[in-house]
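Student: One structure coming up, written as structure tokens, with questions to follow.
Quick note: the coordinates plus some simple rules give every number you see, no bench work behind them. This one's a predicted model, so the numbers in the text were calculated from it and none came from an experiment. Because the Cβ atoms are built from the backbone with ideal geometry, glycine has one as well, and the counts that use them run over all protein chains shown.
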Amino acid sequence: MSRNSLNAKMFQTLKQKMAEGLLPQWVVTDPEIYVLEIDKIFGHTWQFLAHESELKEPGSYVTRWMVNDPVLLVKTNSGEFKAYLNSCTHRGTHLCTADFGKKKTFTCPYHGWSFNLEGDLIGIVAGDKVYGQEMKKDQWSLRPIPRIGIYQGMIFGNLDPNAMPLEDYLGDMKWYFDILLGRSDGGMEVRGVPQRWVAQANWKMTFENFAADPYHVQTTHRSTVEMGISPKDPLYAGYGHQVVLGHGHGINVITSATGRSAYAFQGMPESMWPMFERNLSPEQFEILSKTTVFVGGVFPNLSFVSPVHGTEGHLHNYLNFRLWRPLGPDKIEIWCWFMIDKAAPEEYKEEAYKGYIGSFGPSGTLEQDDTEIWARMVQASKGIMARDKTLSYNNVCNYLMGFDRVEPDETFPGPGIAYPTCYLDSLSRSIHEYWLELLTRDLPIDGGKNANELEITIPN
Ligand code: FES
Ligand SMILES: [Fe+2]
């Protein structure tokens, strides 16, 4: 543990600025804030691991990361999902080095210890001869990830054994997940494998971009307007509702100027509509019928977008989940899943996949637009002026859109606090609040007469 330059006074100032709708720019890539984030946020919140369709049969496995903890997720012979630290209990190297596959046992590439799907150590090379009979194999099982939870096929892990249950953490997001993931018989399926690439960006800013910032669409993605794919109306991504869901989660339910989408059920084949009606409540069905784009996030680092692409007669919808894995204050690994209704016609799925690759895949046009902006945000946050914590340069970012001006729309049929526009910073402010709450949970930032002197101890 080390002492550092953060102190309670700074957090008090931060809290006060945030209450005014402002976010000091130094927090974006501050290295000490980053260390606290990994420990206090990622060490205690639910992080997405995989969709169950990625592990079809007993023995199927994928390897994933919970920031710096390598994870081996397997489907056992009884059909249960189990997650282990992907680190051999002998000397700690990665037990499994492949991204995915199917196995009955995992053999470590270093000295050859082997483990079954239940995580038991079942084989030691020359075991009896080198360790003798007294070696107790059951003490050297794989270390389980403390908590695992599943909702609508989405498998999450949590490194905190005392964390609240996944369903409580997701809260009202479950209602929207039911629309996105539970509308079709058989649910959704991941097509292909998650693509991943490294980008210069900060995880908070990318999360916020997807969860809470439809306002950027008409400028950052201007080329889509120029190509005639998006409407010319500069308000077009603002129509609909921004819904604040608590725990830093939220969703934008984007419609159009008429309050309905130009494309019923996001352009999905009409043959699927009765199935949606069967699987959803009347309120969920109504929202699905008139929404153009759903875009939102599960704090801290899972985002999603469910758009409409294509032209009349060739419209398609898909669900893109993306995980922003922090690699440092200014670097992330982006993991990107393409999901589609299992029950959709095969030809439709293929067309939708192509639409995804051209837009939100690593080489997609929309993706490139955002990535450049994110890189410049972290670059600008590292200068002397931006890093000045006394705020003498007034180096704060503006989160004042709709501040104290927009009232919730009580007639919105879904749960959460729904505001009647998506051009709004309410969700961003709620994300920041939860971020600060977790970051400072054990710190006396609200009181104590010696708060100015109180230094924050952060783990190395
Ligand atoms: S580190 Fe795995 S067998 Fe030695
Ligand atoms: Fe974007």
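Student: Got a sec to turn the phi values of the stretch 9-24 into Karplus ³J(HN,Hα) couplings, 6.51 cos²θ - 1.76 cosθ + 1.60 with θ = phi - 60°, whole Hz, x for Gly and Pro?
Tutor: Listing the rounded values in order: 4, 4, 5, 5, 4, 4, 4, 5, 5, 5, 5, 8, x, 10, 10, x Hz.
Student: Taking the simple approach of a point 7 Å from Cα along Cα-to-Cβ for both Glu312 and Ser289, what is their distance in nm?
Tutor: Distance between label points: 2.2 nm.
Student: If Lys and Arg each add +1 and Asp and Glu each add -1, what is the summed charge of the other residues whose beta carbon sits under 14 Å from the beta carbon of Leu245?
Tutor: Every neighbour counted, the sum reads -3.
Student: Give or take rounding to whole Å, what are the principal axis extents of the alpha carbon atoms in the stretch 209-326, in descending order?
Tutor: Principal-axis extents of the Cα atoms in the stretch 209-326, largest first: 41, 36, 25 Å.
Student: Give the relative contact order (percent, whole number) for the chain; include only Cα pairs under 8 Å separated by 6+ residues.
Tutor: 23
Student: With a Förster radius of 45 Å, plug the Cβ-Cβ distance of Thr13 and Leu235 into 1/(1 + (r/R0)^6) and report the FRET value to the nearest 0.05.
Tutor: After rounding, the FRET efficiency stands at 0.80.
Student: Over the stretch 222-299, what is the relative contact order in whole percent, taking alpha-carbon pairs under 8 Å and six or more residues apart?
Tutor: Here the relative contact order equals 34 percent.
Student: Kindly write out, for the stretch 146-163 in residue order, the coupling ³J(HN,Hα) from the Karplus curve 6.51 cos²θ - 1.76 cosθ + 1.60 (θ = phi - 60°), rounded to whole Hz, with x marking Gly and Pro.
Tutor: x, 9, 9, x, 10, 9, 6, x, 8, 9, 10, x, 9, 7, 9, x, 9, 5
Student: To continue, here is another question. What is the ratio of the Cα radius of gyration of the stretch 172-437 to 2.2 N^0.38 Å, where N is its residue count, to two decimals?
Tutor: Here the Cα radius of gyration is 0.99 times the empirical estimate.
Student: For Lys104, list the aspartates and glutamates whose Cα falls under 16 Å from its own Cα; do not include residues on the same chain fewer than 8 positions away.
Tutor: Within reach: Glu57, Glu80, Glu118, Asp120.
Student: Further question: Checking the a/c ratio against 1.5 first, then a/b against b/c, what shape does the Cα gyration tensor give for the stretch 99-188?
Tutor: Judged from the Cα gyration tensor, the stretch 99-188 comes out prolate (a/c at least 1.5, a/b above b/c).
Student: Would you list, by chain and number, the lysines whose Cα falls below 30 Å from the Cα of Lys232, excluding same-chain residues fewer than 8 positions away?
Tutor: By straight Cα distance, Lys232 reaches Lys204, Lys290, Lys349, Lys354.
Student: Still on this model: At a 10 Å Cβ-Cβ cut-off, how would you order Glu347, Glu286, Glu32, fewest neighbours first?
Tutor: In increasing order of surrounding Cβ atoms, one gets Glu347, Glu286, Glu32.
Student: Taking the Cβ of Asn86 as the centre, find all other residues whose Cβ is under 9 Å away and add up their charges (Lys, Arg: +1; Asp, Glu: -1).
Tutor: So the surrounding residues net to 0.
Student: Evaluate the relative contact order of the stretch 48-152 (contact order divided by residue number), counting alpha-carbon pairs under 8 angstrom at least 6 apart; express in whole percent.
Tutor: Once normalised by length, the contact order is 22 percent.
Student: Let me know the shape class of the chain, please: from the alpha-carbon gyration tensor, a ≥ b ≥ c as square roots of the eigenvalues, rounded when a/c is under 1.5, otherwise prolate if a/b is greater than b/c, or oblate.
Tutor: Verdict is oblate for the chain.
Student: In addition: About its Cα centre, what dipole magnitude does the chain give when the only charges are +1 on Lys and Arg Cβ and -1 on Asp and Glu Cβ, stated in debye to the nearest 20?
Tutor: Dipole of the chain, to the nearest 20 debye: 1200 debye.
Student: Neighbour counts of other C-beta atoms within 10 Å: give me Arg260, Arg429, Arg64 arranged from fewest to most.
Tutor: Listing Arg260, Arg429, Arg64 from fewest to most nearby Cβ atoms yields Arg260, Arg429, Arg64.
Student: Per DSSP helix of 4 or more residues, -39500 (n - 2.57); summed, then divided by the residues of the chain. What does that give at 222 nm, rounded to the nearest 500?
Tutor: So the calculated ellipticity at 222 nm is -7500 deg cm²/dmol.
Student: Just subtract the alpha-carbon distance of Met227 and Ser5 from 0.36 nm times their residue separation and send over the number in nm, one decimal.
Tutor: Here the segment from Met227 to Ser5 would lengthen by 75.0 nm.
Student: How big is the Cα convex hull of the stretch 49-139 in projection, averaged over all directions, in nm²?
Tutor: Averaged projected hull area, Cα only: 6.0 nm².
Student: Please give every one of the aspartates and glutamates within straight-line cross-link reach of Lys40, meaning a C-alpha to C-alpha distance under 16 Å, and leave out same-chain neighbours fewer than 8 residues apart.
Tutor: Counting by Cα, and skipping residues close in sequence, Lys40 has these aspartates and glutamates nearby: Asp30, Glu32, Asp69, Asp160, Glu433, Glu437, Asp442.
Student: Let me ask another. Which far-off residues, 5 or more places away or on another chain, put their amide H under 5 Å from the one on Tyr151, with H placed in the peptide plane?
Tutor: Excluding prolines and chain starts, which carry no amide H, the hits are Phe156.
Student: Moving to a separate point now. Within 10 Å of each residue's Cβ, count the other Cβ atoms and sort Met173, Met135 from fewest upward.
Tutor: The order, fewest Cβ neighbours first, is Met135, Met173.
Student: Moving on. Which distance in nm do the two modelled labels at Asp185 and Ile150 give, with both placed 7 Å along the Cα-to-Cβ direction?
Tutor: Calculated label separation equals 2.1 nm.
Student: Quickly work out the Trp197-to-Gln139 label distance, labels modelled 7 Å from Cα along the C-beta direction, and quote it in nm with one decimal.
Tutor: It works out to 4.9 nm between the two label points.
Student: Quick check: residue separation of Ala257 and Glu20 times 0.36 nm, minus the Cα distance between them. What number comes out in nm?
Tutor: Here the answer is 82.3 nm.
Student: Could I ask something else about it? Please give the contour-minus-distance gain from Asp128 to Arg405: 0.36 nm per residue of separation, less the Cα-Cα distance, rounded to one decimal in nm.
Tutor: Contour length minus Cα-Cα distance gives 92.4 nm.
Student: In addition: Find how many whole Å separate the alpha carbon centroid of the stretch 347-379 from the alpha carbon centroid of the stretch 238-309.
Tutor: Comparing the Cα centres of the stretch 238-309 and the stretch 347-379, I get a distance of 20 Å.
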